[in-house]
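Notes for the one structure printed next.
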């Protein structure tokens, strides 16, 4: 009997609440020729509700309670928006029309897409009322800054985020609040020990950074946060865009984006993105050739149900391998930027990746929806890199008065193998909805996430470079001598390179790195709303169980599980100003081989956060101010070049800081992005007392970035725009930290300038990076990983890009 009453209550209460809301707004979206625009995304109250236009271009929001509302279309060609009030069962009609000429994604528009998250974040409403620091980077900003991959300065647009330049030609490393960030694609965690491969922006619609554990979103992610790559989907707007880019270091790039309605009834939509790039680098004999093929289909079964399937193939052939570090003896920057340990004789490394995604969306009514997703990612790599052999560099002339013996800077090089395979199979189902109990509104979010990941790699050292003919300078072992102060390239032959037997399978060669890992996670959260939704209190819990097998555990199954809670309070002080407090935990299984043997332990994180948010200029610009305290146990870091593919585990780390973000437009002329972060992230507990107090490797104490664009919106020079931006990082952590050297001696600072002109369907843009040609770098001191010398990577070299785009 009790069960029947509960069931009846769950059915009747939402129905009663629904019946009390009788207002509605409807309308039509048409183009300049008064033709219907199907599948346009219509957004109510900056994401509180969303819907899509049908084949006739019609939209409708029903069951609206009395109050004020704001509606707009999530389309760069529709700059119009509409504010209205509902009184009782009032029914309102409002139509939207596309602009007369296509506005390329780099042009300024009034609508601010950065305040509305994608559906893959599950939130369903504006970021203004979301109790967490979440930042959105949309296509306009990506194109304006000419960011082509996720390794090219993407992090500059979000406070407290740094790109870690380490093997980025394969997979990118991004740190949030000092910790390695999880990599999500379309809301699914695809992070791996190797991969996924760095994303090319040709198939990316937007990038969303979520800081902190984010238990509402995903289990088994890292406590610093994650970045979510949202891929382009079919829109049915029958639009085609082609672009060509030329630039420094022999950059040649071409892209095509074709979006098309494929059926007469407008239900089947298709999109195809293509990209090809060939470019060099400031370092000699370092270049890559990459291409992307990305078809996708969407079928609108009905106005309430749709299915989307996507396939992405990406391949990158990069010469020079991972030989990006420069070594020096007397300090940083004492070797020219173009230096490399590689040689043109070394064949390019090849990395390639297959992605398959599928999504089913169903709206039961205006209040409840269900989403089911799956993804499969297979990332592979095969190649080799020419490195300096560990600590073989001569720090001084051995015999300064003779012509024999090692000279300062002499070093022996070896060929290291880089073969890897990483697969991720992920799936999720979640539901979101709302109902009332009396005067209290409930917003429910619940779901299940599952994943299985496999990794194996061969990071063997094939051997040193030897010259059996004796034509080149060698040591007494016949190993070829290379000098960092007088490098000579192109004198090696294939017979000098060590041979390596790849006849054995990768599983056999990389058995010590092989791991299988799976997880299942359940989550439910209820956000209750009082005082006409002005006070929101949310409580949620997530249960995660994991199972891993690896060589580190001698093949035995290792099982772990944990409950992680989440609590938040949000107050709407005014319709445009909110304050929030958040407590969130995370549990993350870790896969890795530790130096000295043994498997890595799981990590737990706790985040305490408070913040205020405000929108300005009619919602076009948004500001966030956040303070946080984050703790993580069992930190894993790379063990260095001497132990490739292996990790070291520390006890506990604490990250605390303050973040400020400003992003959006002031009016049709001005777009602005500014951020600042103070981050204090360091080891607080460890069995090795010398590590306590050391900064985390992804940290800079002070980070500030800005980007401003001014566009002339009318007159004879309409469409002419000017851009300027900077990147600044101070008190940057060395990697790894060594005694008496917590920070790099130089700050990172770079100024970028650009201009563009758009008229009708054409746009041409010019961007110059690091206009002052400052020698920026990241690196380590002698003593790091036992090295006897300095090491660093050149970053943000001076360079230009010119882009021409045409849409038809």
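Sort 182, 55, 83 by Cβ crowding within 10 Å, fewest neighbours at the top.
83, 55, 182
Note the full-extension length gain between residue 258 and residue 530 as 0.36 nm times their separation in residues minus their Cα-Cα distance, in nm to one decimal.
Here the segment from residue 258 to residue 530 would lengthen by 93.3 nm.
What nm distance separates the two modelled labels at residue 574 and residue 242, each placed 7 Å from Cα along Cα→Cβ?
Each label point is offset 7 Å from its Cα along the Cβ direction, giving 5.0 nm.
Let me know the shape class of the stretch 353-461, please: from the alpha-carbon gyration tensor, a ≥ b ≥ c as square roots of the eigenvalues, rounded when a/c is under 1.5, otherwise prolate if a/b is greater than b/c, or oblate.
prolate
Just to verify a number: FRET efficiency for residue 753 and residue 338, C-beta to C-beta distance, R0 = 35 Å, to 0.05?
Details: r = 24 Å, r/R0 = 0.68.
E(calc), rounded to 0.05, equals 0.90.
Find the all-direction average of the projected area of the Cα convex hull for the chain, expressing the result in square nanometres with one decimal place.
On the way: hull surface 142.8 nm².
Hull-based average projected area comes out at 35.7 nm².
For the chain, what's the relative contact order in percent, using C-alpha pairs closer than 8 Å and at least 6 residues apart?
Relative CO of the chain lands at 10 percent.
How tilted is helix 2-19 with respect to the longest principal axis of the chain? Cα atoms for both, answer in degrees (0 to 90, nearest 10).
Helix 2-19 sits roughly 80 degrees off the main axis of the chain.
Ranking 138, 747, 330 by Cβ neighbours within 10 Å, fewest first, what do you get?
Listing 138, 747, 330 from fewest to most nearby Cβ atoms yields 330, 747, 138.
To the nearest µm²/s, what D does Stokes-Einstein give for the stretch 432-542 at 25 °C and 0.890 mPa s, using the Kirkwood radius over alpha carbon pairs as Rh?
Translational D for this selection: 118 µm²/s.
With a cut-off of 8 Å between alpha carbons and a minimum separation of six or more residues, what is the relative contact order of the stretch 376-521 in percent?
Answer for the stretch 376-521 is 25 percent.
Please give the per residue volume of the convex hull enclosing the alpha carbon atoms of the stretch 132-279, rounded to a whole number of Å³.
Taking the convex hull of the Cα positions in the stretch 132-279, it is 128 Å³ per residue.
Over the chain, what is the percentage of antiparallel beta bridges among all DSSP beta bridges, to the nearest 5? Mind dumping the intermediate values first?
On the way: 329 of 340 bridges.
The answer is about 95 percent antiparallel.
Can you bin the stretch 537-634 into rounded, prolate or oblate? Criterion: square roots of the alpha carbon gyration tensor eigenvalues sorted a ≥ b ≥ c, rounded for a/c under 1.5, prolate for a/b above b/c, oblate for the rest.
Taking the square roots of the gyration eigenvalues as a ≥ b ≥ c, the stretch 537-634 is prolate.
If we sort 682-689, 475-482 on the protection proxy, mean other Cβ atoms within 10 Å, highest first, what's the order?
On the way: 682-689: 14.1, 475-482: 15.8.
So the order, starting with the most tightly packed, is 475-482, 682-689.
Hey, rough spin-label estimate for residue 554 and residue 616, points 7 angstrom out along Cα→Cβ, what's it come to in nanometres?
6.3 nm
Quick one: if the Förster radius is 25 Å, what FRET efficiency do residue 507 and residue 311 give, using the C-beta to C-beta distance and rounding to 0.05?
That gives a FRET efficiency of 0.45.
Post the alpha-carbon centroid distance, the stretch 134-210 to the stretch 682-744, in whole angstrom.
Each part's Cα centre sits 15 Å from the other's.
Among 291, 341, which comes first, then next, by fewest other beta-carbon atoms within 10 Å?
Working: 291 18, 341 23.
Taking fewest neighbouring Cβ atoms as first place, the list is 291, 341.
For the chain, what is the mean residue ellipticity at 222 nm derived from helices alone (per DSSP H run of n ≥ 4: -39500 (n - 2.57); sum divided by total residues; nearest 500 deg cm²/dmol)?
-1000 deg cm²/dmol
With label points built 7 Å along Cα→Cβ from the Cα atoms of residue 608 and residue 713, find their separation and express it in nm.
Placing both labels 7 Å beyond Cα along the Cβ direction yields 4.5 nm.
Contact order normalised by length for the stretch 715-789, with contacts defined as Cα pairs under 8 Å and 6 or more residues apart; what percent is it?
Worked out over the stretch 715-789, it gives 32 percent.
All of the numbers you see were taken from the coordinates with simple rules; none came from a lab. Small disclaimer: the values here were computed from a predicted structure and weren't measured. As a convention, Cβ positions derive from the backbone with ideal geometry for all residues, glycine included, and neighbour counts pool all protein chains shown.
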